[in-house]
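The values are calculated or read from the model by the stated rules, or taken from the named source; none is laboratory data. Being a predicted model, the structure only gives us computed values, none of them experimental. Note that we place each Cβ from the backbone using ideal geometry, even for glycine, and neighbour counts take in every protein chain shown. We work out accessible area using only protein heavy atoms, side chains counted, and drop any ligands, DNA or RNA first. Shrake-Rupley method; radii C 1.70, N 1.55, O 1.52, S 1.80 Å.
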Amino acid sequence: MGQLFRRFRGLAIAAIALVVSILLTQAMHLGAGSNRDAIAQNNAPPPALAPALPMVNGSFEDPQGRFQIGILDGYSVSSAGGTPLFQAADGSLAYTVAVTPLPSAQTPEAALVAAAESTFGAGEGFVAGDDIQPIPGGGIRINWTGRLSQGAAPPQPITGKIFARQRGEEAFLLLVAATSAAEPQLSDAINALGGTLTVP
């Protein structure tokens, strides 16, 4: 009799464990389903993030010894009219550094804006914005817009930023340009590259 009771008691415990396990599994599925529905109905999808800006990997030294600038990883380096050009493989973001004499008889800020306009104004529909801001360490940041022409394709809009700094009688102009695909990276790019620009 005691043996039968122990056997019955073991079966009862196993049966209770099985029932509890089934009930918990169903509750979890129902709970997960209701949470999933609530999330799908009440929460907007997360915003698409801009592709991460590549890290600075190496530096470029001006052949005339006027400056050094970081090179973003994977960017090609070429030259246009004696000015270096750094470009992403897909062409969505590019940057350059130009050195030009400062116009005289103007305030320092106006002279830097005039230097940027005379250096870049002849190409790609360059238009400097009005929202000029000072940058740490001296100089100004200029926002600009333009258009990019490539072969027979219609021109596409581009935007950019310039860090303009005065050293002696010259302006050092770091320009970053981006197509719409890379526009979210502009601020990160100008800040990262501005930190690598050194002038002896």
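Tallying residues that are part of a loop (DSSP other than H, G, I, E, B) and buried (at least 17 other Cβ atoms within 10 Å of the Cβ) within the stretch 125-151 yields 3. Taking (1) open to solvent by 60 Å² or more (accessible area, probe 1.4 Å); (2) within 19 Å of L186 (Cβ to Cβ); (3) modelled with pLDDT of 95 or more in turn, V77 satisfies each apart from (2). Summed over the stretch 36-74, residues that are out of contact with any Gly (no Cβ under 6 Å at 6 or more places or on another chain), in a strand (DSSP E or B) and modelled with pLDDT of 95 or more total 6. For the stretch 107-124, a residue qualifies if it is β-branched (V, I, T) and either under 22 Å from Q185 (Cβ atoms) or outside any loop (DSSP other than H, G, I, E, B) (or both), and the qualifying residues are V113, T119. Restricting attention to the stretch 152-194 and to residues that are in contact with a strand residue (DSSP E or B) (Cβ under 8 Å, 6 or more places away or on another chain) and assigned to a loop (DSSP other than H, G, I, E, B), the residue that is surrounded by the most Cβ atoms within 10 Å (Cβ to Cβ) turns out to be T179.
Within the stretch 109-124, the residues that satisfy the criterion of being surrounded by 14 or more Cβ atoms within 10 Å (Cβ to Cβ) and at pLDDT 90 or above are E109, A111, L112, V113, A114, A115, A116, E117, T119, F120.
Contact map, the stretch 177-200: residues that are free of Cβ contacts under 8 Å to residues at least 12 places away in the same chain paired with residues that are in a helix (DSSP H, G or I) and open to solvent by 20 Å² or more (accessible area, probe 1.4 Å), Cβ distance under 8 Å, separation 6+ or inter-chain. No pairs are found.
Picking from L93, L4, which residue would you name as being over 30 Å from A171 (Cα atoms) and either out of contact with any His (no Cβ under 6 Å at 6 or more places or on another chain) or modelled with pLDDT under 90 (or both)?
On the way: L93 fails: over 30 Å from A171 (Cα atoms).
Result of the check over L93, L4: L4.
Annotation note: Cβ proximity below 8 Å between a residue of the stretch 136-156 that is farther than 13 Å from F120 by Cβ and a residue that is surrounded by fewer than 19 Cβ atoms within 10 Å (Cβ to Cβ) and of a type in the set (A, V, I, L, M, F, W, C) (sequence gap 6+ or interchain) occurs for I140/I132; R141/I132; R141/I135; P155/L148; Q156/L148.
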